[in-house]
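Here the structure comes first, spelled out in structure tokens, and everything after it is commentary.
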2 protein chains.
Amino acid sequence: MAMFTQMTILGPGLLGASLAMAAKERGLVKRVTAWSRSPATRAKCAQTDWCDAVFDEPRGAVAGSDLVVLCTPVETIVPLLEQVAASLEPGVLVTDVGSTKSLIVRQVQGLDGSFSFVGSHPMAGSERTGMDHAHAGLFKDAACFVTPIDSTPADSTKKTAAFWQALGMVVTPLSPERHDEIVAHISHLPHLLASVLCAYLATKDPSWRNFSGGGLRDTTRVASGDPALWRQILGQNREEVLRSIDGLEAVLHSLRAALSNDDAASVHSLLQKGKTYRDGL
Amino acid sequence: MAMFTQMTILGPGLLGASLAMAAKERGLVKRVTAWSRSPATRAKCAQTDWCDAVFDEPRGAVAGSDLVVLCTPVETIVPLLEQVAASLEPGVLVTDVGSTKSLIVRQVQGLDGSFSFVGSHPMAGSERTGMDHAHAGLFKDAACFVTPIDSTPADSTKKTAAFWQALGMVVTPLSPERHDEIVAHISHLPHLLASVLCAYLATKDPSWRNFSGGGLRDTTRVASGDPALWRQILGQNREEVLRSIDGLEAVLHSLRAALSNDDAASVHSLLQKGKTYRDGL
């Protein structure tokens, strides 16, 4: 049975288009409308079987919808919601798929409107972006955060969580602040380290890359992600990301000191601690 | 046509056993003898079809061999060669598969014997170790360094390179020092960062690991490697590894500063630099 009559995807990239495909496939929504700022993406939407109507401005896309999902880069989520707020149906459920939550949730509180907003962060995606890589299986068995605050109606939180669950996700409700702390460590910091490692290696002899093995390739895969998206994510989660960098640096310094002092026991102990953690993932 | 009549594998773990399998499969050696310090591994050797004779002490294994490959952890390569030196056939070619080269090559120069040593580093392997994971395809299309020095007979270098090439590897001759600088950056530093990241995350709430996605898993895969092996590798390549840590830290600090100053252009530029490098791997 459909949970929503009409879902609007604002920004149908990898996540938005995959979400529409998955929700249609599972019968969770009857109709899907979409808006993209890109004419090329709108043209592609018109030819898919998951999109029932595509609009060239976002206000048109949200009319008549009981679920609106904001799927644009994190910095444009709130401005976009502000732009469509007056056109939303009363009582509509609005959520997003942004990788950061505190700033978005705080800014949405300042908007006027009779919509109900619950922040979401489905931990799906890849270093590839855009609708061309979308597929209905993207969310299956992955983790999803929903980040209600005190003023969020319990029913809205429940409906949002049920929607992601119905897509096969493992949902965890969490405060936006706690969410941002966690993803700073398990997602943003690993990404940033991969980028820093690659940016550093880029300063070295280009021929070295011919000698790289599977280790370097795996370790740095995420560095291929879109710099524009990730610049926004790191910026929106700045305080937590800076804290995670400092925490990592402390461990890096202790390893550096142990190595420098030829303290084999401490080097071994740190490597063992890392292995135990990794083996448990 | 066989390149060698009898090859000895000292330390048939993942690399040594895979090497014996591959060399036999391609007909590069007629016979293979092996020695392992582990009775369990010796018992396994006796049951494989790549091993013609297994010995419970290394001197026995090298008798009659025209190729000896040292496949133990890096710290034991030179002591082991010293132990068998007097038992080697005159003119035998000796090589190794160690991940570090300068210290090993320097120490081998101090040994007496009528053998000819050429350092090798086949860039194959994985976070899994031991003979049980060995397979004949391990070396195919991977990079391999050979590290002759001024006193190395040209013919020995040529034979060593030809052997790895015949196994399907892309061989690069390089000085031991240059080798160590390169692998410090493209192998040891990525490994160490993955270990440091995991050791840091291990200090956080254990439940966070439930939220990890493919990004964290890929980024940290190598941290599952054997701490005893990697402690030795980092120790033997200490100077270059310390230099690579310092170089990486400088880039990390510049990203931290850009993020802290809300300097979006610099953050974007660093992420873009990393992406360009990674896309080129």
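The values are calculated or read from the model by the stated rules, or taken from the named source; none is laboratory data. Predicted, not measured: the structure shown is a model, and the values here were computed from it. Note that we place each Cβ from the backbone using ideal geometry, even for glycine, and neighbour counts take in every protein chain shown.
Values computed for the structure shown
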read-out	value
Within segment B:6-21, tally of residues that are surrounded by fewer than 24 Cβ atoms within 10 Å (Cβ to Cβ) and touching a Gly at 6+ places or on another chain (Cβ under 8 Å)	2
Residue tally, condition surrounded by 22 or more Cβ atoms within 10 Å (Cβ to Cβ) and of a type in the set (G, A, S), over segment A:100-119	1
Residue within segment B:175-185 that is within 14 Å of chain A (Cβ to nearest Cβ), at pLDDT 95 or above, in contact with a strand residue (DSSP E or B) (Cβ under 6 Å, 6 or more places away or on another chain) and over 29 Å from B:G64 (Cα atoms) present	yes
Residue count for segment A:161-174, restricted to those that are farther than 21 Å from A:H135 by Cβ, over 16 Å from the mean Cα position of the chain (by Cα) and of a type outside the set (A, V, I, L, M)	0
Residue within segment B:26-39 that is under 18 Å from B:A162 (Cα atoms), of a type in the set (A, V, I, L, M) and either without any contact (Cβ under 8 Å) to a residue 40 or more places away in the chain or not in a strand (DSSP E or B) (or both) present	yes
First in segment A:193-213 and under 22 Å from B:S99 (Cβ atoms) and at the interface with another protein chain (Cβ under 7 Å from one of its Cβ atoms), second anywhere and surrounded by fewer than 16 Cβ atoms within 10 Å (Cβ to Cβ) and among the polar types (S, T, N, Q), Cβ under 9 Å, 6 or more apart	A:C198/B:T276
Sole residue being assigned to a helix (DSSP H, G or I) and either free of Cβ contacts under 8 Å to residues at least 12 places away in the same chain or more than 16 Å from the chain's Cα centre (by Cα) (or both), chosen from A:L111, A:L80	A:L80
All positions within segment A:106-136 that are within 13 Å of chain B (Cβ to nearest Cβ) and of a type outside the set (S, T, N, Q)	A:H121, A:P122, A:M123, A:A124, A:G125, A:E127, A:R128
Enumeration of residues in segment B:213-236 that are surrounded by fewer than 22 Cβ atoms within 10 Å (Cβ to Cβ) and within 16 Å of A:L248 (Cβ to Cβ)	B:G215
Qualifying residue in segment B:237-257 (condition: buried (at least 22 other Cβ atoms within 10 Å of the Cβ), more than 7 Å from chain A (Cβ to nearest Cβ) and closer than 22 Å to A:A223 by Cβ)	yes
Qualifying positions in segment B:127-139 - at negative phi and part of a loop (DSSP other than H, G, I, E, B)	B:E127, B:R128, B:T129, B:A134, B:H135, B:A136, B:G137, B:L138, B:F139
